[in-house]
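Peer 1: Structure in structure tokens, see below.
The values are calculated or read from the model by the stated rules, or taken from the named source; none is laboratory data. None of these values were measured; they are calculated from a predicted model. Ideal geometry is used to build each Cβ from the backbone, glycine not excepted, and the neighbour counts take in all protein chains shown. Note: areas computed on protein heavy atoms with side chains; ligands, DNA, RNA excluded. Shrake-Rupley method; radii C 1.70, N 1.55, O 1.52, S 1.80 Å.
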Amino acid sequence: MQIKKQIMLGVMMVVATGNHRLEAQEFGLTYTTELQTDFRKGSNWVNLLRSDFSFPITRQMELKAATISVARTREERLADDLQTFSNIEEENIPLALAVCGAEWHTGKSTFFVGIRNLNEDYFASPCTSLFTNSSCGIFPTLSANYPIANYPLASVGIDYKLTLEHWEVETSLYNGTGYRMWAGRENVFRVCPATDGILSVTSINYRKNGSNYYMGFALRSGLPVGDENGNKTQASAPETQRQLNTVIWTYAEQRLSSRVYALCQYSFNPTEKNGCRSYAGAGLVWHCGKTEGGAFADYADFSSEHEWAAELTWKVPCLKHGYLQPTLHLIRNSHESKVIGLLRLGYFI
């Protein structure tokens with residue numbers, strides 16, 4: 001295990017210091033900060049810094065790495081919501097890996113092996129990427145039920161993409177539990193199917209005339225059981241460890257005009273009895289000049305409670321490489337109703 005860690009850290013050092021040897025090497029920084037308020041006495045300041053590295057080895061292969069750092073001023077979240085209204089808010093993280101591995105391109109295929117999380121490839125589309133709520137980033141039928149490699153966690157995995165004229169097929173295999181530590185038992189380099197399980201994800205996507213359609217499923221086997229907040233509890237019975245869970249989803253981004261898109265989402269988990277069993281969402285995204293706005297509403301059905309949530313957002317470019325995004329969230333579930341405001345600023349170099 002120590003050798004494996006040294007190899008992965010060595011890869012990152014090569015990527016970070018190789019600029020003087022190869023002009024095609026790329027480095028980027030993205031900083032996202034947001035102010036949150038519940039329009040009463042509660043407020044929070046959340047910051048996310050992401051770095052991305054790319055280092056070509058040959059014309060077909062490159063080393064890729066990405067790290068994240070998260071900081072917030074308030075330990076408790078402003079809302080006790082089930083779906084999480086901010087897709088960047090997490091506990092303070094000095095430095096964690098999001099990506100670290102080798103990517104190989106050949107013809108219409110792309111193959112990756114190394115450290116990765118689901119958010120790099122799945123549930124990331126033009127319309128869903130506008131919204132700041134977490135359910136547009138990954139559906140709660142998957143993320144709320146299992147401690148998988150979902151932001152800010154990652155795990156060892158392999159990913160394959162086949163890109164055709166209008167179709168894209170992607171399939172991935174991950175260590176069934178995601179981590180973010182650099183050392184110790186819960187380190188991100190850990191591969192242990194016997195206790196962590198295995199997660200397989202497949203998506204079939206179709207794009208034409210500006211519209212995008214997605215259909216996918218995930219199979220989860222042998223993972224520790226997750227409660228409704230995604231917290232891990234070790235399964236006690238061997239037969240529980242061997243159970244197979246299934247998540248199925250579909251969503252569409254239908255172009256209505258040159259400036260307006262309709263977004264529809266649906267997902268269900270036919271095998272989960274204690275967590276999120278189904279989810280549905282719908283919204284509109286419209287473009288006005290260089291700005292982009294959207295309205296979205298969703299419903300998540302958990303075994304013991306449910307939640308309605310809505311978001312109204314507008315994204316305005318500023319500072320040449322940045323944007324300003326005010327957002328309003330309306331949240332209503334079985335134990336509270338909340339109104340949350342966000343003012344998000346993003347900048348990339």
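Peer 1: Output the residue which, of all residues in the stretch 47-102 that are under 28 Å from residue 141 (Cα atoms) and among the basic types (Lys, Arg), is surrounded by the fewest Cβ atoms within 10 Å (Cβ to Cβ).
Peer 2: This residue is 74.
Peer 1: Just give me the residues in the stretch 338-349 being out of contact with any Pro (no Cβ under 8 Å at 6 or more places or on another chain) and open to solvent by 70 Å² or more (accessible area, probe 1.4 Å), in sequence order.
Peer 2: Correct list: 347, 348, 349.
Peer 1: Moving to a separate point now. So, in the stretch 174-197, of the ones that are in contact (Cβ under 8 Å) with a residue 24 or more places away in the chain and of a type in the set (Lys, Arg), which residue ends up surrounded by the fewest Cβ atoms within 10 Å (Cβ to Cβ)?
Peer 2: This residue is 190.
Peer 1: I would also like to ask the following. Those residues that are among the polar types (S, T, N, Q) and either at pLDDT 95 or above or farther than 22 Å from residue 272 by Cα (or both), I need them from the stretch 144-154; list them, please.
Peer 2: 150
Peer 1: Could I ask something else about it? Regarding the stretch 154-173, can at least one residue be identified that is closer than 20 Å to residue 50 by Cβ, part of a loop (DSSP other than H, G, I, E, B) and open to solvent by 10 Å² or more (accessible area, probe 1.4 Å)?
Peer 2: Among the residues of the stretch 154-173, not one is closer than 20 Å to residue 50 by Cβ, part of a loop (DSSP other than H, G, I, E, B) and open to solvent by 10 Å² or more (accessible area, probe 1.4 Å), which makes the answer no.
Peer 1: Scan the stretch 198-221 for residues that are open to solvent by less than 40 Å² (accessible area, probe 1.4 Å) and without any contact (Cβ under 8 Å) to a residue 40 or more places away in the chain and report the count.
Peer 2: Residues meeting the conditions: 3.
Peer 1: Taking the condition of being surrounded by fewer than 17 Cβ atoms within 10 Å (Cβ to Cβ) and either touching a helix residue (DSSP H, G or I) at 6+ places or on another chain (Cβ under 6 Å) or of a type in the set (D, E, K, R) (or both), how many residues in the stretch 302-322 meet it?
Peer 2: Here the count works out to 2.
Peer 1: Exactly one of these conditions fails for residue 146: (1) in a loop (DSSP other than H, G, I, E, B); (2) farther than 25 Å from residue 246 by Cβ; (3) among the aromatic types (Phe, Trp, Tyr). Give me its number.
Peer 2: (2)
Peer 1: Residue 285 is checked against (1) open to solvent by less than 20 Å² (accessible area, probe 1.4 Å); (2) within 18 Å of the chain's Cα centre (by Cα) and fails just one. What number does that condition carry?
Peer 2: Here residue 285 clears every test but (2).
Peer 1: Out of the stretch 258-280, which residues are open to solvent by 50 Å² or more (accessible area, probe 1.4 Å), at pLDDT 95 or above, farther than 18 Å from residue 203 by Cβ and among the hydroxyl-bearing types (Ser, Thr, Tyr)?
Peer 2: none
Peer 1: For residue 52, only one of the following conditions fails: (1) part of a loop (DSSP other than H, G, I, E, B); (2) in contact (Cβ under 8 Å) with a residue 24 or more places away in the chain. What is its number?
Peer 2: (1) is the only condition that residue 52 fails.
Peer 1: Do we find that residue 121 is more than 30 Å from residue 211 (Cα to Cα), surrounded by fewer than 23 Cβ atoms within 10 Å (Cβ to Cβ) and at pLDDT below 95 in this structure?
Peer 2: In short, no.
Peer 1: Just give me the residues in the stretch 324-337 being crowded, with 19+ Cβ neighbours inside 10 Å and under 18 Å from residue 45 (Cα atoms), in sequence order.
Peer 2: If the condition is that a residue be crowded, with 19+ Cβ neighbours inside 10 Å and under 18 Å from residue 45 (Cα atoms), then 325, 327, 329 are the ones that fit.
Peer 1: Does the stretch 241-260 hold any residues that are closer than 16 Å to residue 123 by Cβ and either of a type outside the set (D, E, K, R) or not in a strand (DSSP E or B) (or both), and which are they?
Peer 2: Matches in the stretch 241-260: 247, 248, 249, 250, 251, 252.
Peer 1: How many residues does the stretch 331-347 hold that are touching a Phe, Trp or Tyr at 6+ places or on another chain (Cβ under 8 Å) and farther than 15 Å from residue 34 by Cβ?
Peer 2: The total comes to 4.
Every residue, every condition in (1) of a type in the set (A, V, I, L, M, F, W, C); (2) touching a helix residue (DSSP H, G or I) at 6+ places or on another chain (Cβ under 6 Å); (3) under 26 Å from residue 36 (Cβ atoms), yes or no:
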position: 75; (1), (2), (3): no, no, yes
position: 97; (1), (2), (3): yes, no, no
position: 123; (1), (2), (3): yes, no, yes
position: 128; (1), (2), (3): no, yes, yes
position: 134; (1), (2), (3): no, no, yes
position: 152; (1), (2), (3): no, no, yes
position: 158; (1), (2), (3): yes, no, no
position: 168; (1), (2), (3): no, no, no
position: 176; (1), (2), (3): no, yes, no
